[in-house]
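Following: one structure in structure tokens, then a few remarks.
The values are calculated or read from the model by the stated rules, or taken from the named source; none is laboratory data. Note that the structure is a prediction, hence the values are computed from the model and not measured. We place every Cβ from the backbone using ideal geometry, glycine too, and count neighbours over all the protein chains shown. Note: areas computed on protein heavy atoms with side chains; ligands, DNA, RNA excluded. Shrake-Rupley method; radii C 1.70, N 1.55, O 1.52, S 1.80 Å.
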Amino acid sequence: MPSLAIFVHDLSATGVVRNALAIAHHMQDRGGWKVRLLLCRDDGDLAGMAEGLEREVLGGAGKRSRSSVVARAIPRLRAALKRDPPDILLSAGNHGHLACWLATRGMDRPLRIYRFSNDLAHRAGRPGALPGAFRRRLVARTVIRDAARVVLVSPGLADEPVLARALDSGKACTIRNGAPLDAIAAQKDRPCGHPWLAQTVPVVIGVGRLVEQKNFLTLLRAVAQARRTRALRLILLGGGSAANRAELQRWSESLGLAHAVDFLGRVANPFPFIARAAVLAVPSLWEGSSNVLLEAMACGTPVVAARTAGNAAEVLDGGRYGLLVDPLDVAGMAEAILRQCDPATRILPGARAAQFDINRTLDAYARVFEQALGRAVSPPRPSRRSASPQSRYR
């Protein structure tokens, strides 16, 4: 029986973890693989989704940053891989790549597959961003040389020359993120208990960690401006540091939104909230591929997305299935929110989410794993610039 280990930091409600768990279950339940999760800590809102999977906790957790926790776990990760070496090690997100590379120095097995879940630039042209971008690109070059295979979650990641070269050489492939359409359909109509979502005032919802990347400050400003035209409320779902939350709360008060914004924190099942909202906003300054955008479309919720939110422009087909805005254009975001809140002018996602069914995504990962072990012949690679949304799954 072939074996797969997947490294993630913890089981928090992030896109990386959701995708890692989906891959793990798919390979174990449908692919016949032995699968185990290698975790720095065994907690988080998605712990229930990990039931039935073998888990090994590496430790090193505590009141430390994610990067320091991952760094402290490297020796334990190496020991775990030596003690029970899997055929393949999947680093599920960018944060784990360097740790997996360091832990496997001098080891022929496991074969390493690195999944690039986010872009490398992080708005590198802004002050203070260049050193981080340089480090991320250096790590990317290092792990690509080491990899048996590299997976990009969005064609847009190939705007980075180092990732484009990996695609052109055949070492990398693109597997777009997908939405679990059946699971969303089963969960979106469950009660959520929030009184605002049972009232007539439209509710805008944002989902994600309270960090700079998600650009919720611009969303607060846009909602405040839109409220000059009509009554609106905003719900933010997602974790983050107490300091970041306090700062956003101070901004909401200064913008006159104190009673119109609710910070709900992390929610294991966000779909009832998303399905009942008037509009979902994805104002991210950068992404790899936005899971919540796909989930909102699967819920039938109108969306407003920043053009910088990963492959949002491709997912929305240039504005055919939702509205695209510049991430720092407060007035443009406010106008888009108002348009999507109005039944007469809103653009609905229709059946677009069906083009991003997670089953296609998971089947593509299964093929990558099989090919890495030499069990199948790689299919011809389509052009990375002209491939349709479906073609990368074939």
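Exactly one condition in (1) in contact with a strand residue (DSSP E or B) (Cβ under 8 Å, 6 or more places away or on another chain); (2) of a type in the set (Ser, Thr, Tyr); (3) modelled with pLDDT under 95 is not met by residue 301; state its number.
Here residue 301 meets the rest and fails (3).
State whether the residues of segment 226-233 include one that is hydroxyl-bearing (Ser, Thr, Tyr), in a loop (DSSP other than H, G, I, E, B), open to solvent by 50 Å² or more (accessible area, probe 1.4 Å) and over 18 Å from residue 199 (Cα atoms).
Yes, because at least one residue in segment 226-233 is hydroxyl-bearing (Ser, Thr, Tyr), in a loop (DSSP other than H, G, I, E, B), open to solvent by 50 Å² or more (accessible area, probe 1.4 Å) and over 18 Å from residue 199 (Cα atoms).
For residue 258, are the conditions met, namely being farther than 11 Å from residue 235 by Cα and free of Cβ contacts under 8 Å to residues at least 24 places away in the same chain?
yes
Could you identify the single residue in 283, 270 that is modelled with pLDDT under 95 and within 26 Å of residue 350 (Cβ to Cβ)?
270
Kindly state which strands (runs of 3 or more DSSP E) lie completely within segment 1-119 and contain at least 3 residues that are among the polar types (S, T, N, Q), on the phi < 0 side of the Ramachandran plot and free of Cβ contacts under 8 Å to residues at least 60 places away in the same chain.
So the answer is none; nothing clears 3.
Suppose we filter segment 11-34 for residues that are under 20 Å from residue 116 (Cβ atoms) and among the charged types (D, E, K, R); how many remain?
Going through segment 11-34 one residue at a time, the tally reaches 1.
Please work out which residue is nearest to the chain's Cα centre (by Cα), limiting yourself to segment 2-38 and to residues that are open to solvent by less than 10 Å² (accessible area, probe 1.4 Å) and of a type in the set (Val, Ile, Thr).
The extreme case among them is 17.
Go through segment 39-58 residue by residue and tally those that are within 26 Å of residue 265 (Cα to Cα), at pLDDT 90 or above and crowded, with 21+ Cβ neighbours inside 10 Å.
2
So the check is Cβ under 9 Å with 6+ separation or different chains; which pairs have a first residue in segment 203-227 that's in contact (Cβ under 8 Å) with a residue 24 or more places away in the chain and within 15 Å of residue 293 (Cβ to Cβ) and a second one that's part of a strand (DSSP E or B) and open to solvent by 10 Å² or more (accessible area, probe 1.4 Å)?
Correct list of pairs: 204/233; 214/207.
Which members of segment 198-212 meet the condition of being surrounded by 19 or more Cβ atoms within 10 Å (Cβ to Cβ) and more than 11 Å from residue 238 (Cβ to Cβ)?
Residues satisfying the conditions are 202, 203, 204.
One residue is enough: does segment 250-266 have a residue meeting the conditions of a type in the set (A, V, I, L, M, F, W, C), within 28 Å of residue 187 (Cα to Cα) and open to solvent by 30 Å² or more (accessible area, probe 1.4 Å)?
Yes, segment 250-266 contains at least one residue that is of a type in the set (A, V, I, L, M, F, W, C), within 28 Å of residue 187 (Cα to Cα) and open to solvent by 30 Å² or more (accessible area, probe 1.4 Å).
Failed condition for residue 318, given (1) of a type outside the set (Asp, Glu); (2) closer than 23 Å to residue 152 by Cα; (3) modelled with pLDDT under 95; (4) open to solvent by 30 Å² or more (accessible area, probe 1.4 Å), with all others met?
Only one criterion is unmet by residue 318, namely (3).
Residues in segment 230-285 that are touching a helix residue (DSSP H, G or I) at 6+ places or on another chain (Cβ under 6 Å), under 13 Å from residue 210 (Cα atoms) and of a type in the set (Gly, Ala, Ser): how many?
Going through segment 230-285 one residue at a time, the tally reaches 1.
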